[in-house]
Each structure stands twice: as structure tokens, then as C-alpha cells.
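Below is one structure; the comments refer to it alone.
None of the figures in this text is laboratory data; all of them are computed from the coordinates on show. Note that this is a predicted model, so its numbers are computed, not measured. Note that we place each Cβ from the backbone using ideal geometry, even for glycine, and neighbour counts take in every protein chain shown.
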Amino acid sequence: MTGTTPPTALPEWLLRGQQLRTAAAAHDFGTVFRVARRQAGISYSQIAIACDIKPDRVGTLARGQGKVTSFEKIVQICDALRIPGHLVGLADRPWEPVPTGGGAEVDEVLRRRFVQVAGLTATMPTALAASSGRIGQRDVARLRERTVRLRRLDDVLGGGDTYRLYTAEYQATKAKLRDARYDEATRRALLALLAEQAQQAGWAAFDGGRETDAVSLYEASRAAALEAEDAALAGNSLAFLAYQRLGGDRRAGAEIASQSTRTIDASTPASVRALLHERRAWACAVASMPTEAERSLAAADEALADVHGQPQPDWAAWVDRTELDIMTGRCWAELRRPLRAVPVLEAALNRYDDSHARDKSLYSSWLAHAYLTAGEAEQAAAVVSRALALADGVASVRPRQRLAPVIDDLSAVRYRTLPAVSEMLAQVPG
């Protein structure tokens, strides 16, 4: 390795071990830290300083609580511990050596770098044709496949990390619509793709705290979807806009969500029907409309029963039984019905993998809220502690925004002396 080797650099023999390689590939840095201390004698305090992580956070991760999901933090850990990039899915780091001999080692490095260049190309805006060239349906299909791949980043990264990438994709498609040549069918396909990309970019903007940008992108999405005559995407853009309004005029937000469900017709895919109905349920719950919320949850449940065996658009395919259960629990928590909210949220979150750190942390906030509504402060504090650990390092403003009111309530004098609450409050960033 080139340059100054830090004292936290893992020895070569440890990097060859299967336990560490498996943990690194899964981004399970808690196990990496634990193995580094036990087998290489690198203390948690040394790791904390080198990786710029609070010492208690290093210990929490080593105990199997929480995940590191920020791209920047993953890079920082790899550089501090000298974990080669390919072990975690990154390009080779600047400090990694370039073999000068021959044989299999050189071939492997060259192979990795070829894959890395291909991977970088797949995550940067690119033109399938010159701006003045002609494109067809096959080109649009390739762009849609690319959009599907990039959407997967939202599973593990927050909007603060993905916003620029998704916006660049949207702008690249917009440029094709403006500059390329195509027939009418391709134009409509491009417009539908543009609407889909605008929704993804708007979601990242919302998740990253860019409220104004999110509204603008959702409105642009609706305009493109209407021009493309794609009712499903038009309906989803309304559902997104309804989410934005719920922070202000809640009744208006519920009405926009109702408009989104009125776009449903006999051709609407089942997953889209489920998505629009569950989002309306949430809007109605926030607007204190329990009867309408329950009706929409039932409609979403009915739609999900029709999903099996039918082709569904990728942008709605994430709506499944667990997602609907979480939404059901969220609605009942918002309506202050903890006896209905807690069981369904507990069961659904137990099925939800910690690798989805942002979403699990966010959804846990409603479980904590439901416990506190039921007068179970210790249980609420325990849930908040887990949610804070999950949210640490995630480039999303929403988990912390949602947890803040629960933390404020638990800070009341009548709760502060409870051990679980005092431990949780000590975990809150200053």
C-alpha cells in the first residue's frame, strides 16, 4: 500500500479472512469493528477517531445495533481501516497498489477496474444518441432499465445522497425530448419516462429536505404524465403532491389524495391501485378522517390481492403486504389508536430488514408514538433508541424530524427519571 499507513490499517492476513470479507461485502461494519478489536487489537477508540464516529456509536454498531448507510462514511471507514474498495463494492482506493508484474493478480485488478468503469458509466447521465440524432422505443426501454437500476439506490441511501443523480437523469431525458428526433410513440414513451424520473427526483428532494424542489418536480411530473396520457403516473404525481400538502392544509392534502384515486380505471395495475389507496389512507388519517382512512386501507388490501401473476410497473412494485401493514399501523398511530397500531407495527417492523435503515427508523417513530400514547414511556424510549441508531449516518432529514416530537414528549419531567428514557436522552445528539 502506498502513502502513510494509519495505525488502524487492518493486517493483510485479517483482510483475507472470510468473516471480515463477508461482513465488508454486506456493509456490516459493526462486525468489521468487532473483528478488528478482537483479532488485530485495534481499539474502538482508535476506530472512532480514525473514522470520525462517536465512540459510543462504534460500540453500538459492534453490538449489532444499527447500520452505516452513508456513502461518504463507508468511504471514510474503508480508508481508515485500509479495506480494499472491491471488498465493499467501491472502486479501488487511491492508496491501493497497482501490480506491476503479471499473472492472475494483474488480471483480477484489471477485471475489477473494467467493472468499476462500467459501473460508473451506468450511474452517470449518458446520451444513447447525439442530441440531434434519432432515437426509438428500444432506446427508451434501455433508459427505463437504467432508471430501474438507479431506483434501487433509494433502498439504502437517503435523498441527500441521491438527489443530484436522480435530477441529472431527469434533465438528461428532458434534453432528449428537446433535441432528439423520434416518432409519436417514442415521444409519449419519453414523456412517461420523464414523469417517472421527475417523481424519483422529487422524492429524493423531499427526503433530503428540499421541499420547494420536490413540489416543482412533482408538478413537472404530472404535466409530463398528462401529456403522455399515462393515468397511473398522473395519479401518483397527485399522491406525491398530497404528501407535500399534509404539512400545512391537511384537508386539502386529503382532497388531492382523493383526486389521485379517481384516476384509477380498469387498466390501472393492481400495485398502483394499492399505492394510491394507501397514500390516500395516510392523508385521511393525518386529516383526522378515520372512516375514510379505514376504507382506503381496505381498498389497498383488496388491490394487493390482485397483484400476483400480473406485470406491475417497477415504480410501484415495492408496495407489498409488509408495506401495507406498516401504513396501517402508521394510520392508527396518527389517529391515536395505539391498541390497533402497536401489534401491526411491531410485527411488520420485525420483518423489515435493518439494511433499509432510513425507512425502518422512520416507521419506528410511529411505533414509539403509539407506545407513548398508550402511556408506555419505557417501550417508547427503547424504540426511539433503536431508531436513532438506525438513522445515524443516513442522508435523510425525515427520521429525525419524525422522532423529534416523541423525544420532546419523553423529555418531560415525569419521564426523565425512568432509566430507559434517561439512556435514550443521552443518545440524542447535542
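Just a few scattered comments:
- Under the combined filter of DSSP loop state and at most 15 neighbouring Cβ atoms within 10 Å, region 310-358 retains these chymotrypsin sites (Phe, Trp or Tyr not before Pro): 318.
- The chain, relative contact order in percent, only Cα pairs under 8 angstrom and at least six apart counted: 12
- In region 242-319, trypsin sites (Lys or Arg not before Pro) in a DSSP loop with at most 14 other beta-carbon atoms within 10 Å: 262
- Calculated on C-alpha atoms, the gyration radius of the chain divided by its Kirkwood radius gives an Rg/Rh of 1.00.
- Taking only the Cα atoms of region 137-205, the ratio Rg/Rh comes out at 0.99, with Rh defined as the Kirkwood radius.
- Counted charge near residue 256, where neighbours are those whose Cβ lies closer than 13 Å (Asp, Glu -1; Lys, Arg +1): +4
- Most fluctuating residue given options 97, 313, 269, as computed from a GNM of the chain linking Cα atoms under 10 Å: 97
- Report summary: the helix-based calculation at 222 nm, which adds -39500 (n - 2.57) for every DSSP H run with n ≥ 4 and divides by the residues of the chain, gives -21500 deg cm²/dmol.
- Label reach from residue 412 (point 7 Å along Cα→C-beta): in region 367-382, amide nitrogens under 13 Å belong to 372-378.
- Derived scalar couplings ³J(HN,Hα) [region 411-416; Karplus, 6.51 cos²θ - 1.76 cosθ + 1.60; whole Hz; x for Gly, Pro]: 6, 4, 4, 5, 9, 4
- Binned Cα-Cα distances of region 326-406, short to long, each 10 Å bin given as a whole percent: 22, 57, 21, 0
- Computed E for residue 428/residue 26 - FRET, C-beta separation, R0 22 angstrom, nearest 0.05: 0.20
- Protection proxy ranking, highest mean first, for peptides 52-64, 282-294: 282-294, 52-64, where packing is the per-residue count of other beta-carbon atoms within 10 Å, averaged.
- Separation in nanometres of the label points that stand 7 Å from Cα toward Cβ, at residue 216 and residue 188: 3.0
- Computed from backbone phi with θ = phi - 60° and the Karplus coefficients 6.51, -1.76 and 1.60, the 3J(HN,Hα) list for region 30-47 is x, 5, 4, 5, 5, 5, 4, 6, 6, 9, 10, x, 8, 6, 4, 5, 4, 4 Hz; x is used for glycine and proline.
- For a straight C-alpha distance cut-off of 23 angstrom, the lysines reachable from residue 73 (same-chain residues fewer than eight places away being disregarded) are 54, 360.
- Residues residue 353 and residue 12, FRET efficiency given R0 of 41 Å [Cβ-Cβ distance, rounded to 0.05]: 0.80
- Contour minus Cα-Cα distance for residue 178 and residue 291 (0.36 nm per residue): 36.0 nm
- Candidate aspartates and glutamates - alpha carbon under 19 Å from residue 67, same-chain residues fewer than 8 apart omitted: 28, 52, 56, 79, 154, 155, 161, 207, 353, 354, 359, 392
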